[in-house]
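Before any comments, here is the structure.
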Amino acid sequence: MAGSQATALVVGASRGIGRQIGIDLANNGYAVMLAAKTTSDAQKTSPFPPDPNSSASTINTVEREIREAGGQAASVVVDVRDAAQIQHAVAETVRRFGRLDVVVYNAGAIWWSSVENTPLKRFKLMQQINPEGLYATVQATLPYFEKNGWRGRIVVVSPPIYSRFFRGKTAYAIGKVGMSVLVKGLAMDFVRQRRESMAITGIWPASAIESAATEFNRSEDASKADLRKPTIFSDAIIAMLRAPAASVNGLLDTDEDFLREQCGVTDFSEYSVIPGSTPRRIMPAKFPGLEVTEQEDEGRRMDSATARPIKI
């Protein structure tokens, strides 16, 4: 049944940042499809709502939170390592709400260590969930955006590209930077194909955000004074969705920088987990540009999709 309410699919919406994104999209008028791997009986969850950074928080409890606050939400199980499950989640979003306007890819796997201390099994898992899961999600959603006259937004949790990000977490960085390359490359496709109402944007936290990941990976001497609430991330995403498509297409930015430079926010104190604290910035103050002088001089462009098939 077709609906008139703008709809967002949030992949990786069970807890932490993903949960906050889903809740705040609903608070801003979106119908939200919440997708993740784990489920629960939300009606039997006690206390409710559960700790948003614990395993008790699932897509079902987040759906209940949104519904009890008067919003529109549904949930669908998806393991992003399975392309068929991703296809089902996208189709179920359109079946349930009648449309698809926004996709947020927040699913992720993390392992920060040297190459020597990152097992191949862990490396493969991160690539499956991070760049491969995103790629499958993008491919599953593009046909629906085409049916919608090429109007839509994709938001990816991936970082600006800079050298310091690779240090000490190379295996993780390979996947995350790969996601950022997809943001840049697909944005170029949108421009070249004149799909002016489409935009894909990457976003990353400027300071660490309180979440299941930071709780699990926090060192003993780390302080919550260095953490921000996930609302800074969802606020930045909502601001990106409100911005003209051309202004955010291909953008790789941080939550703080976008809110400051594009929305005029100067006081970020409300986002501090510990009132009065000033969380340490974990990102560089300035990022390098990626363009080269001869940016448009690539010569003859080859398109393998139209060339003779090659056996592999």
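Might you check whether a residue that is closer than 19 Å to Arg153 by Cα, modelled with pLDDT of 95 or more and in contact with an Asp or Glu (Cβ under 8 Å, 6 or more places away or on another chain) occurs anywhere in the stretch 42-51?
Initially, the stretch 42-51 is screened for residues closer than 19 Å to Arg153 by Cα, giving none.
No - not one qualifying residue is present in the stretch 42-51.
For the stretch 269-281, name all the residues that are closer than 17 Å to Leu259 by Cα and surrounded by 14 or more Cβ atoms within 10 Å (Cβ to Cβ).
Tyr271, Ser272, Pro279, Arg281
For residues that are of a type in the set (Phe, Trp, Tyr) and at pLDDT 95 or above, scanning just the stretch 168-225, find the one that is farthest from Phe145 (Cα to Cα).
Tyr172
Out of curiosity, is Val90 surrounded by 15 or more Cβ atoms within 10 Å (Cβ to Cβ) and within 24 Å of Pro230 (Cβ to Cβ)? Quick ask: steps written out before the conclusion?
Details: surrounded by 15 or more Cβ atoms within 10 Å (Cβ to Cβ): yes; within 24 Å of Pro230 (Cβ to Cβ): no.
No: the conditions fail for Val90.
Within the stretch 36-59, restricting attention to residues that are within 19 Å of the chain's Cα centre (by Cα) and either without any contact (Cβ under 8 Å) to a residue 60 or more places away in the chain or in a loop (DSSP other than H, G, I, E, B) (or both), which residue is surrounded by the most Cβ atoms within 10 Å (Cβ to Cβ)? Let's see the steps before the verdict.
Kept after step one, since they are within 19 Å of the chain's Cα centre (by Cα), are these residues of the stretch 36-59: 36-38, 52-53, 57-59.
Those left that are additionally either without any contact (Cβ under 8 Å) to a residue 60 or more places away in the chain or in a loop (DSSP other than H, G, I, E, B) (or both): 37-38, 52-53, 57-59.
Values: Lys37: 17, Thr38: 13, Pro52: 22, Asn53: 19, Ser57: 26, Thr58: 26, Ile59: 30.
Going through the qualifying residues, I end up with Ile59.
For every residue, the table says whether it meets (1) within 26 Å of Glu298 (Cβ to Cβ); (2) touching a helix residue (DSSP H, G or I) at 6+ places or on another chain (Cβ under 6 Å); (3) free of Cβ contacts under 8 Å to residues at least 12 places away in the same chain.
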{"site": "Pro119", "(1), (2), (3)": "no, no, yes"}
{"site": "Phe123", "(1), (2), (3)": "no, yes, no"}
{"site": "Met126", "(1), (2), (3)": "no, yes, no"}
{"site": "Asn130", "(1), (2), (3)": "no, yes, no"}
{"site": "Ser158", "(1), (2), (3)": "yes, yes, no"}
{"site": "Arg164", "(1), (2), (3)": "no, no, no"}
{"site": "Met179", "(1), (2), (3)": "yes, yes, no"}
{"site": "Met198", "(1), (2), (3)": "yes, yes, no"}
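Please verify whether Ala305 is assigned to a loop (DSSP other than H, G, I, E, B), of a type in the set (A, V, I, L, M, F, W, C), surrounded by fewer than 10 Cβ atoms within 10 Å (Cβ to Cβ) and modelled with pLDDT under 90, treating the condition exactly as stated. Step through it out loud before you land on a result.
Numbers: assigned to a loop (DSSP other than H, G, I, E, B): yes; of a type in the set (A, V, I, L, M, F, W, C): yes; surrounded by fewer than 10 Cβ atoms within 10 Å (Cβ to Cβ): yes; modelled with pLDDT under 90: yes.
Considered against the rule, which asks whether it is assigned to a loop (DSSP other than H, G, I, E, B), of a type in the set (A, V, I, L, M, F, W, C), surrounded by fewer than 10 Cβ atoms within 10 Å (Cβ to Cβ) and modelled with pLDDT under 90, Ala305 comes out as yes.
Answer with yes or no whether Glu256 is touching a strand residue (DSSP E or B) at 6+ places or on another chain (Cβ under 8 Å) and more than 22 Å from Met198 (Cα to Cα). Outline the logic, then answer.
Details: touching a strand residue (DSSP E or B) at 6+ places or on another chain (Cβ under 8 Å): yes; more than 22 Å from Met198 (Cα to Cα): yes.
So Glu256 passes the test.
Which one of the conditions (1) over 25 Å from Tyr105 (Cα atoms); (2) in contact (Cβ under 8 Å) with a residue 60 or more places away in the chain does Ser223 fail to meet, given that it meets all the rest?
Only one criterion is unmet by Ser223, namely (2).
Identify, from the list Val62, Val90, Val32, the residue that is under 24 Å from Arg242 (Cβ atoms), in a strand (DSSP E or B) and not small (Gly, Ala, Ser). Please lay out each step first, then the result.
Details: Val62 fails: in a strand (DSSP E or B); Val90 fails: in a strand (DSSP E or B).
Criteria check complete, one pass: Val32.
When you look at Arg95, is it basic (Lys, Arg), over 17 Å from the mean Cα position of the chain (by Cα), part of a helix (DSSP H, G or I) and at pLDDT 95 or above, yes or no? Working first, answer last.
Working: basic (Lys, Arg): yes; over 17 Å from the mean Cα position of the chain (by Cα): yes; part of a helix (DSSP H, G or I): yes; at pLDDT 95 or above: yes.
Spelling it out, Arg95 is indeed basic (Lys, Arg), over 17 Å from the mean Cα position of the chain (by Cα), part of a helix (DSSP H, G or I) and at pLDDT 95 or above.
Look through the stretch 135-163, keep the residues that are over 24 Å from Ile17 (Cα atoms) and basic (Lys, Arg), and return whichever of them is surrounded by the fewest Cβ atoms within 10 Å (Cβ to Cβ).
Of everything passing the filter in the stretch 135-163, Lys147 is surrounded by the fewest Cβ atoms within 10 Å (Cβ to Cβ).
Suppose we filter Gln85, Gln127 for residues that are touching a Gly at 6+ places or on another chain (Cβ under 6 Å), part of a helix (DSSP H, G or I) and not aromatic (Phe, Trp, Tyr); which single one remains? First the steps, then the outcome.
Values: Gln85 fails: touching a Gly at 6+ places or on another chain (Cβ under 6 Å).
Only one candidate qualifies: Gln127.
Would you mind finding the one in Val115, Val76, Val80 that is touching a residue at least 12 places away in the same chain (Cβ under 8 Å), in contact with an Asp or Glu (Cβ under 6 Å, 6 or more places away or on another chain) and either farther than 27 Å from Pro159 by Cβ or in a loop (DSSP other than H, G, I, E, B) (or both)? First the steps, then the outcome.
Values: Val115 fails: in contact with an Asp or Glu (Cβ under 6 Å, 6 or more places away or on another chain); Val80 fails: in contact with an Asp or Glu (Cβ under 6 Å, 6 or more places away or on another chain).
Answer to the selection: Val76.
Would you check if there is a residue in the stretch 256-263 being in contact with a helix residue (DSSP H, G or I) (Cβ under 7 Å, 6 or more places away or on another chain), surrounded by fewer than 17 Cβ atoms within 10 Å (Cβ to Cβ) and not small (Gly, Ala, Ser)?
Yes: the stretch 256-263 contains one or more residues that are in contact with a helix residue (DSSP H, G or I) (Cβ under 7 Å, 6 or more places away or on another chain), surrounded by fewer than 17 Cβ atoms within 10 Å (Cβ to Cβ) and not small (Gly, Ala, Ser).
Failed condition for Val102, given (1) over 19 Å from Ser234 (Cβ atoms); (2) surrounded by fewer than 24 Cβ atoms within 10 Å (Cβ to Cβ); (3) in contact with a strand residue (DSSP E or B) (Cβ under 8 Å, 6 or more places away or on another chain); (4) not charged (D, E, K, R), with all others met?
(1) is the only condition that Val102 fails.
Would you mind stating whether Gly250 is touching a residue at least 40 places away in the same chain (Cβ under 8 Å), more than 13 Å from Ala206 (Cα to Cα) and part of a loop (DSSP other than H, G, I, E, B)? Please lay out each step first, then the result.
Values: touching a residue at least 40 places away in the same chain (Cβ under 8 Å): yes; more than 13 Å from Ala206 (Cα to Cα): yes; part of a loop (DSSP other than H, G, I, E, B): yes.
Yes, satisfied.
The values are calculated or read from the model by the stated rules, or taken from the named source; none is laboratory data. Nothing here was measured: the structure is a model prediction, and the numbers come from that model. Ideal geometry is used to build each Cβ from the backbone, glycine not excepted, and the neighbour counts take in all protein chains shown.
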